Structures are given as structure tokens and as C-alpha cells.
Amino acid sequence: MIHSLFLISNAGDLFLEKHWKSVISRSVCDYFFEAREKAVEPDNVPPVIRTPHHYLINIYQTFQKLMFLFSKLGVCFIVDVLYRMCADYFGECSETTIKDNVVIVYELLEEMLDNGFPLATESNILKELIRPPTILRSMVNTITGSSNVGETLPTGQLSTIPWRRAGVKYTNNEAYFDVVEEIDAILDKSGTTVFAEIQGVIDACVKLSGMPDLTLSFMNPRLLDDVSFHPCVRYKRWESERVIAFIPPDGNFQLMSYHISAQNLVAIPVYVKQNISFFETGSSGRLDITVGPKQTMGKTLECLVVTVHMPKVVLSANLSATQGTYNYDPVTKILVWDIGKLNPQKLPNLKGSLSLQSGAPKPEENPSLNIDLKIQQLAISGLKVNRLDVYGEKYKPFKGVKYVTKAGKFQVRT
Amino acid sequence: MSASSAFSDEKGGSASEPEYGHDPASGGIFSSDYKRHDDLKEMLDSNKDSLKLEAMKRIVAMIARGKNTSDLFPAVVKNVACKNIEVKKLVYVYLVRYAEEQQDLALLSISTFQRGLKDPNQLIRASALRVLSSIRVTIIVPIMMLAIKEAASDMSPYVRKTAAHAIPKLHSLDPEQKDQLIEVIEKLLADKTTLVAGSVVMAFEEVCPDRIDLIHKNYRKLCNLLIDVEEWGQVVIINMLTRYARTQFLNPNVNESLLEDSSEKAFYASDDEEDEDKKTEAAALAKRKPYVMDPDHRLLLRNTKPLLQSRNAAVVMAVAQLYFHLAPKAEVGIIAKALVRLMRSHSEVQYVVLQNVATMTIKRRGMFEPYLKSFYIRSTDPTQIKILKLEVLTNLANETNISTILREFQTYIKSMDKDFVAASIQAIGRCATNIGEVRDTCLNGLVQLLSNRDELVVAESVVVIKKLLQMQPEQHSDIIKHMAKLIDNIQVPMARASILWLIGEYCEHVPKIAPDVLRKMAKTFTNEEDIVKLQIINLAAKLYLTNSKQTKLLTQYVLNLAKYDQNYDIRDRARFIRQLIVPTDKSGALSKYAKKLFLALKPAPVLESPFKDRDHFQLGSLSHLLNAKAGGYQELPDWPESAPDPSVRNVEIPDWSKCTSRKDRKEKKVDKPFYSDSEGESGPTESADSESDSGSGSESASASDESGSGSESEESGEETESEDEEEDEEKEKKRKKHLDKTKAKKPAEESAESEQSSGTEDRKRGRKAVKNQKSASESESESESSESEDESEEESEEESESDTDIRKKKTPVSKQPPKQSKKESKKEKQEMSLLDLDDFEPAPTSAPVTPVNFLSSSLVSDLEGLSLTDTILAPTTIAPSGLIKLYELLHRITGEGLAVEYCFSRQPFSPDPNMVAVQIQFTNNTNSETKNLHIKEPRLQSGMRIREFAEIEVLAAGESVTVVMGIDFCDSTQAANFQLCTHTRKFFASIQPPVGELMTPVFLTENDFKKEQGKLMGMNEISEKLTLGEKCVNEHVIVERVTATANLSRVPCGSDKECRFAGKTVSSGCLVLVTVATKEGGRAQLTVNCEKMVIGTMLVKDIMQALSQ
């Protein structure tokens, strides 16, 4: 059971608290602050902190959330509720959005959990109960004096398909699907793949009137190794026919996510030639990175970014890039090289020297490179949507599918 | 804040406003506290809703920031009856927050809520109840009780849900009300809507988790509703049902766990054989009463399985723990994939999942082995995730993958994160202790680390090396020497202490160095850390005992130093040791034993996972995460010895199968494929107690109805098929009659065959009868549905049809060579078995290895009885297509006219099922008779046996004769040597079987195959990539090639990219599973799972060769 929730900014400000049962003094947070002192990175604060009377579950996103509970439920449960809470509502959730909408957030929290138990977390329902703020609506509200709070019970709450509200109407009926694939990979020093897999999601934006029943089929559904679906998808149809049949929620939602495991061969779209070395004497080092295309299926690589977490002793970097810009942050020790579009004729190269803290021993290890990239109009796994059929409604909607491949946790060891 | 700042603009004049609006976090708020609160009061008192709203918004914003606004209570509470719904809502928020502090004033608002409870709008009714129950004021307990009772029978399910939520609130306020609340819970538990189910189970868990009896009647309903309950409800229900199932059902692994334990023991520590014997005995005992799964237990497993695909991590985790705690061992494997998927999630979720995975890997390592690489560590992972992943990797390490894992570990050691490096080194240590083969490699690697620049790394390595050396110190005196040298450089106390201990312990191995080290340490004694000092004393004492000549003075010096140490522990130790070792006049009796005390053989430390034994906590719970009991944790009960009465779950009117439209929709699909699943295990039970319970009965009926159209067409298909077969059979019979003359060797078998065929006909008749009276009996309808589902699972009208196609194609091929008499009869049998297959689900394969007496004549009566479930015990041999390969035993010329050829007929050898049947054909090419052909003096490897063929009296010139002999090769490819004698001569002959002939086919379903494969992971799995030969263009050819190479049967498979085959070795009955997965470009992956690794490797080689030709 979730007892209380505290939101803490990165600076250590406690800027929102909500109690679902009796009030707990905010001094409990001291345990957390203590733990945060100890951990160097905010990532490393233990997710569960034990205190004499409560358990603190700490979640770090762009800022810290903290909650107290007497738990009978799994921890996973609570962690998940929290993530759902914010992300669903405002799209992105940051300290400022919450501070700006503090009343709405508070009302939402009240609505989502009752006595610490989740009551309604389906964002469609919440949006009907408490309408999300838009500029237009706030203007209308000021003029007409109407409110953000829904007066009747959302129809979804009672129906057997809680994710869709009744009576949806659009003049343009459209259904768009984005197939987004991320490559998770670890390459070793020599460029061979240690581990690679593809994580994909299909995001949908469905704006269809009435109660359409959609069926999405793939050309090659057998590619998909492991899938998880939005609750609207009929799992049995998938099991038996390998099609995705569903009555869609209204608007944007994530239809499914899938996984193509390491057993299948994963095309690695990029290769990296790197040479980072530190000299024994003179407290300096050399860095030379070249990036080139590998298996790109004829598409261009875009938004290529190379990120290097440098050892602590690296003070500054004096480099020159043939393409793009680089930036070294001496505080976080992160070198970011933003390349942009990859030109296969002229491979981008970053070269130069690193200066180390004088007197410090040369770093034992070489930093690993994280690569970020994007390929438009390509699903690297080769997954293809075959067709989308609409049943139950008469109109012909606009349909569209977009494919994007991105680098997920793509790491090159050096 | 935009709205409130707009307001402040409007107000303009008030001085405190802008400050608040623009800088909410500043301390300035307090300074102007009074003023503003007056201001707010004024606004709340006004008649304008907009002003009130504004004021409430600001108040709530203050609450959210933790500011105290309790002094506004009277002003706010007045507005509780406000018409504006938004204001009302905010007032509710305020009330809930402060009612506890201002109890008297809060009572003013109660009447409004009471009125609200009667409102026609269900939303208002619900929210009134919500707020009423959230006001923690003891006086209103009776009102709350009344309200809850009323709401529990409200028309609107939403209000009933709210009532369920209110129950734990009231309970925490006044535990006295428990009994009444339980009544309400009981009532709500019977509710049939999905909306209520989750909430009421939550209330049940909070208020009366021990009243398991309330669940009985609702158990099946909950299981069936589960898929439609909202996510959070699912989590609670699954957790509750896990506990419930633990009290009500029997342990499905009761037999296996015993077996598994003993076999695993044998693997790692072969010394406790005695123990093992006992265990096998126990296992044998347990085996005698076979486990049958309660259908309700099966229902739960079946209905939770699709939830593994949920997008909600909590649900997936809940199902995973349910399977881990409740499912038979063979089925647990399915959760691995889902858990690995969760690893992609946020790092907090990852943390929780990894903790659970770490626990699971200890108990069921095989499950996660295929996903080994998913646990590889990235340098960007947070430290706690890294360490957990390391834990999992270490748990997964075994002989086959250790080299990859160690290579991974090598990269980890270079990481920047020092805590992680230390953990990696410890992990290497653990791998080294667990897996003997790599101990030396690990040790060498660790010794190399000793020259690492980083002291932490060195220190950690020293500690681990110390532990490893303790296991076999004799061979590693050079390492000890090396470490002795290190003492000059290493500063980390723990490492220094470890080195000193090592030198002391093994001073005999380094007799020259040890005193020198002591000398050095004595010099620096005063500057050392306490643990180092203690070890110095220890070292001194040990050296004194072994080498007192050199070290006497040194020891005394050290002891003197210690005597005046600041730490009392060290002083005590010094005093104690001096008394013990230094001989004085009045030295006690103990000093005689000093040597024994100090230099006793110390047992090597056991490096084990911190996650060992954590599984007694329910997985996924907070208690498991912390490895300590958290408040409110419900103990997971142990399995009961004998199952409580299952009839308590029977419900009078089983109408929940048609609940809501959506449910129906899903249900249809849910039920269908799962039936076949369950059939494997629960089939026997269900027929056995022939369904007194109407619940599952109606369900199965509906399932069969639903699949009606599909199965009908299938049935018709089958019928035509079976007609075909009948024709075939008739032909076969004719031929057989003809054959009977030539070979009268296996009368028993033949008669059995004919019996069988008549049996099949019987069965066909029976089946038609079943069709006519579909609803006649429960078990029948059950099997009907299972049959159609079975098909759908195999994908299969098409596939089974294509199967028959293949068969038809094959038939002429095999008919061509007329002298292959044996095969003919086999052919027939195959057909029958395939027919069986189409008709019925095969036998429960929980024990696929048990040799089945397929000759049993009772089969016929079984079939007549139409007891449907366990009829098909006959092993199904699928004949290899193409010619059986003939081998030469004796050439015509060496045999002086007598030519002997043999082949492996792939028939079961009837006199002894453990023997491979070898068909030998003698041809007399001479002009005279050959007499008295027989076998003499077999020279066999130990364990091999031969059953000779009966002596052939006379072989006329130009004639040939075929006999069958049986050889038990003991599952090895060693040749069987013997002498072949005629009346005149002796010939040496030897028969060497290709590995593929050492097995017989076993029939498995796809699920069983996977199950069995899951058990044969790791070192029992051999997997190779290959390029298919030009001719291996399609599946058909591959099947042909594989079955030609090895005597295996095809296993149905849902994917057209994979062919699966199963068999068992003839002599020991070990399963042999072969998978050929084809990929684009003629590439393929061949996987062989077999307990006997030698067989596996050879088989891989042979099949590779066959496929790449």
C-alpha cells in the first residue's frame, strides 16, 4: 500500500507531498537524504530504504520521488504505479510541469489512489475525470467559469472496455502506427558483437469515430520473440492467428512492445573505430574515433551521437571533429560528440588529445562509448505491417505506418 | 499556477499576492501568513463560485507543499455543500487531509455526505462514500459501517467498488468492526463484475487474509474473471491466489524435486552417495503414488498464463511468482522470457526483477540459461543493478558456459566502478569454487590481478585467492610465495590480514619465507590495523609451533608488543597465545594440544550466493526484496501433505462463464488452446473423478461449442483420412498374409498389430458414437474439445493434412522395394499411430521414458471401453523414408560364397526392449548348402549383450534368409564382435552401430517437447550452425534426412521454420531431442538435447553430415 508520496527536486527541495492515509511527517525524508549523501550518483541510491517504521521506495526519474509504505504488495507494483502516474498525464513529466500544475496533480493523485490502493490509472478515464490543462481550455474556463472537473462518471470506468470512452466522433478518421525499434547491443573492442537484441514498440495514434474493431497483421509475425500488449489486444487471437485484434483507446497509446532476441542475428548499422590511450608520462592521452556505416540497408544514419564517460582524471579535451560538434563537460566527465547525419563518403572522425590531472596515475581502463542514432523508414528487424482492417464501422479511415530504428542501449567497449 | 497568478493580477492591490504567486517555495510565505489566510477566508465566504474555487486551489496548493492550513478549516468546511463540483472536490481533498486534526468541526460536514450517499448520480454517491470513509474520526464509525453496507448492495458496480475500498479504511480506524466487515467482504466477493473483484480481494487481504474459507466458493470465478480485472486488481488477486493454492493443492513437484535433488547432488558432490541412495529410495516411494494435478490448480495456471504478456510489470511479476511457487517444474520455464523482458524497464523495476531472478536462478538454473546474454552488464548501469546482474551470471555459470562468462568477467574487472570490480572478483571466486574445471584458470587470472595498479582490486583478489587456495594449498606454494612478496606493497588491511593468514596456515609450504615475513611484520607491528595485528600474532604462534628455532625470539617480541597494545582484543589474544604455546613451568594441560589447536585442518569456505534460501519469502514481495519480514507480510504456507477436500470449491449455479460481452470474447480464445495444455497433465484426473463438478464441465462444453465449426470441418477431414487409411490397411493386410509365409519370426508382434488395427476400427466406431451424443458425458466432451484444440495448436488443419500428404507420398516410395518386408509392416503401424494421433491427445508424457508395452493385448479392451484419456500408450514409430541402409558383415569373397549383410530394421526387438534389432541377411552364393549358421564367442564390451538368432539349419545354394538378432549396445557405438560359424568355417564379424540407430522414436507433443527440452539444457544441449545442402530445400527433405540418419519421430511444431524430433536411447531410455531450425540463405541451426553427451555429439555430427550433403 502506498502511504505517502513525496516529490523531491534534484536540488533537494521537497515540492509536493501527498498522504493517502494519516499524515507522515516529512522528516522521514531525512533517511533518504542520508542515503543520497552516501551514493555518489543519484542513480545509485538504493531503491528501497528501510527505516524503523516505514519503507521508503525511491524512484529517480528526472527528479526524485519518494514514497512510504507498509507494503503487502509487491514492490514492482508500487514502482509501476508511480511511473504510470506522471508519464501518462502530461506526456513528459518534469519538475516545472508539476510545479505549474500542482493542484491538478494533487487532484489526480487523489483520484488515482484510494487509501493507497490504485483506483483508476487508465489515463483515458482520468482525462475525463479531470481534464488535462490546455491553453485553450484555460481560456474558455476563465470566460465561461466552467471547470476542469468532469461531472459524470466516465463511461469507460463502467464498461467492459475501460480504455475507450463512448461517443467518440471525428470528421477525419485516421489511424497511424509508428513501429519504433531500438537496438540494444554490446560490441567489444574489436567490433564483434557480444550481445545484441532488438526491442520494439508500436505506438499508435488512433482517431476513429464510434467503436471500431481493428485488426493489424504483419508480413512476418514469426520474427517476434516475445510480446506484451496493451490490455485492449485480444491475446488469444495473437496466439492462434498472429494478428493483433483490438478495440483501440482513443488517441495516442502504446499498442504493443516486442522483443527480438539475441538468438536471431541482429544487424548492427554502425561500426566504430576507436583508439583511446593514456600515456604513462606527461599526464595526457590520445583519442581517435571514427564512425562508419555497416548494415544500414541503404538508409542514412541520422542523429548520430557518440557519448563517452571519461575517467575521473581527464581534465579537458582538445579535439577536432571533421563533422559535427563535440563538447566535454569537465564536471560530469562526459564527452558528447554530436555528428548528425552520417555521410558514407566522408566518415566523421574525432581526434585530438586529452589532458589529465597531473600527478594522478594513468587510468586503468578505457571508457566505453555509447552510441545514439536514428534511421528513418526502416525497422531493422525487417518487421513489416501487412494490413489494417477496420470492422464494426462503415467509414474508411486514413491509415499510415512509419518505421524508425534507433539505438537503445548501444555500447562499444574499448 | 497560471490560474492563480491570473487571479492575483485581477486583485492587483493585495500586497502579499505577487510574492506568493511567483515564488512559492520561498520562506516569505510564513511572514505573511495571517494576512493571506484572512484573505482566503474572505474569498471562501463570498458567493461567487469562481472566488471560492480560486481560494480552494490555493489552499490545496499549500497542502501539496506541506504548509499548514488547518486554521482555515471552519471556513472551508462551510463550502462542503457547494454546488460547484470542482469546489466540492477540492473541499473534499481538504477535509480528508485535516479531518483527523479537527474532529469536532469535521462532524459538521457529515450530513452532507450522508445526503450525497443517496444522490442519483453514481459518481457523487461514490465520492461521498470515499470521503466519508477517509475521514478518520472514530465517532462516525457506525455511520461508516452503515454506509458501507448500503453501498455494498448498490446498483452501480463503481459504488460497490468504492465500498470495497472503504472496508480497509474502516478496519484500520476501528478493528472492532472486523466481524461485520468480513460479512460485507463475503458478500462482495460473490460479486460478479470485474470492477469489484480486485478491490474486494484487496480488502480481504487487508482485513482477514487468514479467512481462506471465504475464497473457496469464489475461487473459480476469480480465476476466470482474472483476465478482465484491471491491472492492479490482477496483481492483488494473483498474490492472494498464490497463497490460496499453496494451502489447497498438492505440490506438483513432489516427485521431481526428490529426483532432481539427488541428481544434482551427484553432479557436484559425488561423495555423499549414501545419502543419495536414500533419496532415490524415497523418490521411488514417491513415484509409486503418481501425482495428479487438481483441475482447479490447472485452471489457475492456465488463466494466469496470458497475463505474462501484460504491459504492466507488476502483473508480470505477480504471474511469475505464481508460476514459480505453484507450477510443475517443467512449466516454470515460460516465465523466464517475460522476466527478461522486464529487464528493459526502468532501473527500479529492473532492480526488483533482478532480485527475484537471482533467487530463481538458484533453484532453477536451466530456466534462464538461454537468456544468459541478457544479463551482461553495461558500464552505464547503476551499481546495484550491476551487482545483481553479476549475481545472476554467477548463478547461471556451469561447465558449458563458464568460458564465456569468465571472458565477460574479464571486461568487468577493468570497469571504473570499484565496488563493481570487487564484486566481479568475488564472482570469479565463486565460479571457481563451484566449477572445478576452471579453478586453475581462475586462480591464474586472479594472480595476474595481483599486479594490478589499483589497490582495491589487488586486495579483493587476495581475499578471494585465499579462499580458493584453502581448497588445495599443496599445488600452489608458488602463489603463496608470490603473495608473500606482495605484503610489502599492499596497504588494504583485509588483504594484508589474508596474506598473513595464508602464510601462517601453509608455512610448511614456504618454510624459508614465512619467518622472514614475520620479521618484517614485527617491525611494522605498531602501525598496523587491528585485524592485521591479530593475524600477525596468529602467524607468530603458528611459526613458533612449527619452526620454533628460528622464530622463538620474534614471536616473543611480537607478543610483547601486543601485550601493551591499545586494543584489549589484541592484548587478550596475546595473553592467551602466550599461555598456550610458550612452555612455562605451570603451563596448563592445553599447551600439549597447541599444535592441534592452531594447525588443525580448516574446512574450505563455501562461497555461496546471498540469495540462497530466499525463496521462502513470496517472490516479488517487499519481504523478499529485503530478505526480512516486512510488516503485514503474509507467510507463504507450505504445501499440504494431502489435499483438502476439493469439493468446497463447487458452486451451485455455474453461470459465470457468460459474464460480460468482452469477457466472452476473450474467454473463447482463452479456453481454446489451453485445453490441450491441460490435457497433458490433468486429463487423467478429470476422467478419473469423472467430473462431479459442474463448473469445469460447463466450461468445457462451451469451449467445444465455440470451436464447433472448426472442429467439425476437421472431423470431416479426418474421416476421409481415416477412410484412406482403412484402404491402406486392407492392402497391408493382404500383403501381410503373404509375408506371413516367409517370415514367422515375430508372431507375437504381428498378432498384436492385427489386434491393434481392429482396435483402431473399434475406436473409430466409438468415435462416431461420441459425435452423436456429444453432451453425453463430461469426459467425452472434454476430449472432443481437446481434440480440436490439439489440432489448432499444431496450426493445423493444413499441417496435418500436409502430413498425410507426405505420408501418402511416402507410401509408394516405401512400397517399391519389395523385399523390404519388415518395413511394410512397420509402415502400417505408423499409419495407425498417426491416426491415433489425429484422434486423441497422446498419453500424458510426464514419464515419456517409461518403456511401454505396446504389445499388451489389453489395449483392445481399453479401446473398447473408450476411456479416451489414456488409450494411446503405443509408441509411435514413424518409419524413416527412403531405403534402410544395408551394411556388409561378410563379403561374398571372404565368406567363401557366403555373403552376409545387415541392417538396423528399427523395429523394437520384442524379446528384450533394451536391445537394438539387427536384421541379418544371409545369402548363399555357393553351389552347395551351408549348414548350421550360428553365432559363437561374442567378444563384447562390458555391459553389452547379444541375443543370438536361432541357428539356421540349412541354407540352400542360391537361397537367402533373413534373421533378426538383438544387441544391447549399452548406448555406445562400440562394435559388437563375434564369430559367425557355419558347419565348416568361422568368420570374425563385427557390427558397429551408427549412433542414430541406438535410439527408438518417442512420441511427444509440442509442449512436452519443450518441457523436456527445458530439462535438458546446459551441458546436455549441443547446438551447431550448419549450411544446408543444396537438396535440402524444404522441410520435407530435412525430415527425411534426419529420420534416415537417426531413428527418431517427428514432433509436431507450430513453426514452419523448425523441425523437431524425439527419441530415446534403446538401452537406457534417455531422451534424445533434435531441433533443426532453418533460416534464410540455407543456413540452419541444429540443436540436440540428450543427457548422454557422447551420443548427443555424435548425433550432431551425423545429422550435420546428412543435412549438408
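Would you mind pulling out the separation of the Cα centroids of segment B:980-1031 and segment B:117-139, in Å?
72 Å
I'd like the distance between the alpha-carbon centres of segment B:300-376 and segment A:219-262, rounded to an integer number of Å.
Taking the Cα centre of each part, segment B:300-376 and segment A:219-262 sit 19 Å apart.
Hey, which of these cross-link pairs are over 30 Å Cα-Cα: A:LYS374/A:LYS396; A:LYS312/B:LYS520; B:LYS481/B:LYS602; B:LYS467/B:LYS1025; B:LYS41/B:LYS178? Don't skip to the end; give the middle numbers.
Values: A:LYS374/A:LYS396 32 Å; A:LYS312/B:LYS520 36 Å; B:LYS481/B:LYS602 20 Å; B:LYS467/B:LYS1025 40 Å; B:LYS41/B:LYS178 41 Å.
As for pairs spanning more than 30 Å Cα to Cα, those are A:LYS374/A:LYS396; A:LYS312/B:LYS520; B:LYS467/B:LYS1025; B:LYS41/B:LYS178.
Roughly speaking, what is the stretch gain from A:LYS396 to A:LEU347, that is 0.36 nm per residue apart minus the C-alpha to C-alpha distance, in nm to one decimal? Let's see the in-between values first.
Numbers: separation 49, 0.36 × 49 = 17.64 nm, distance 4.65 nm.
Difference between extended and current length: 13.0 nm.
Above 16 angstrom, tally the Cα pairs of segment B:116-162 and express them as a % of all pairs, no decimals.
Numbers: 290 of 1081 pairs.
Tail fraction, whole percent: 27.
For segment B:490-536, state which trypsin sites (Lys or Arg not before Pro) are in a DSSP loop and have at most 13 other beta carbons lying within 10 Å of their beta carbon. Mind showing how you got there, number by number?
Working: sites: B:ARG496, B:LYS512, B:ARG519, B:LYS520, B:LYS523, B:LYS533; in loops: B:LYS512.
Answer in residue order: B:LYS512.
Tell me, Kirkwood radius of segment B:383-429 from alpha-carbon pair distances, in Å? Write down the numbers at each step before the final one.
Details: mean 1/r = 0.0953 Å⁻¹.
Evaluated over segment B:383-429, this radius sits at 10.5 Å.
Could you tell me the calculated FRET efficiency between A:VAL331 and A:GLN377, based on Cβ-Cβ distance and R0 = 56 angstrom, to the nearest 0.05? Can you show the working numbers first?
Details: r = 39 Å, r/R0 = 0.69.
After rounding to 0.05, the efficiency reads 0.90.
Compute the Rg/Rh shape ratio of segment B:196-257: radius of gyration over Kirkwood radius, all on alpha-carbon atoms. Provide the component values of the computation, followed by the final result.
Values: Rg = 12.5 Å, Rh = 12.3 Å.
Here the Rg-to-Rh quotient is 1.02.
For q = 0.18, 0.23 Å⁻¹, what log10 I(q)/I(0) does segment A:270-376 give under the Debye formula with an equal point scatterer on each alpha carbon and no solvent?
Treating every Cα as an identical point scatterer, log10 I(q)/I(0) equals -0.82, -1.21.
Trypsin sites (Lys or Arg not before Pro) within segment B:1066-1109: which are DSSP loop residues with at most 14 other Cβ atoms inside 10 Å?
B:LYS1079
With r as the distance between the Cβ atoms of B:LEU599 and B:LYS549 and R0 = 22 Å, compute the FRET efficiency 1/(1 + (r/R0)^6) and round to 0.05. If you can, show how the numbers build up before the last one.
Working: r = 17 Å, r/R0 = 0.77.
Between B:LYS549 and B:LEU599 the formula returns 0.80.
Report the label-to-label distance for B:MET494 and B:GLU929 in nanometres (one decimal), using points 7 Å from each Cα along the Cα→Cβ vector.
Between B:MET494 and B:GLU929, the label points sit 9.0 nm apart.
Give the average, rounded to an integer, of partner chain Cβ atoms located within 10 angstrom of each Cβ in B:230-242. Intermediate results must be reported in sequence, preceding the final value.
Numbers: counts 10, 8, 12, 2, 1, 7, 6, 0, 1, 4, 1, 0, 0.
What the average comes to for B:230-242 is 4.
A:LEU187's amide H: which non-local residues (gap 5+, or another chain) put their own amide H closer than 5 Å, with H modeled 1.01 Å from N in plane and none for Pro or chain starts?
Correct list: A:VAL194, A:GLN411, A:VAL412, A:ARG413.
How much FRET efficiency would the formula 1/(1 + (r/R0)^6) give for B:SER111 and B:ASP45, where r is the Cβ-Cβ distance and R0 is 22 Å, rounded to 0.05?
Working: r = 20 Å, r/R0 = 0.93.
Efficiency for this residue pair is about 0.60.
Give me the distance in nm between label points sitting 7 Å out from Cα along the Cα-to-Cβ direction at B:VAL254 and A:LYS189, one decimal.
5.7 nm
With each label point set 7 Å from Cα along the Cα-Cβ vector, what nm distance links B:LYS1079 and B:GLU888?
The modelled label-to-label distance comes out at 4.2 nm.
Work out from phi, with θ = phi - 60° and the Karplus expression 6.51 cos²θ - 1.76 cosθ + 1.60, the ³J(HN,Hα) of each residue of segment A:189-199, listed in order in whole Hz, and give x for Gly and Pro.
3, 7, x, 7, 7, 7, 7, 8, 8, 10, 10
The numbers here are math on the coordinates, done by the rules we state, and not lab data. Remember, predicted model here, so these are calculated numbers, not experimental data. Cβ: placed from backbone, ideal geometry, glycine included. Neighbour counts: every protein chain shown.
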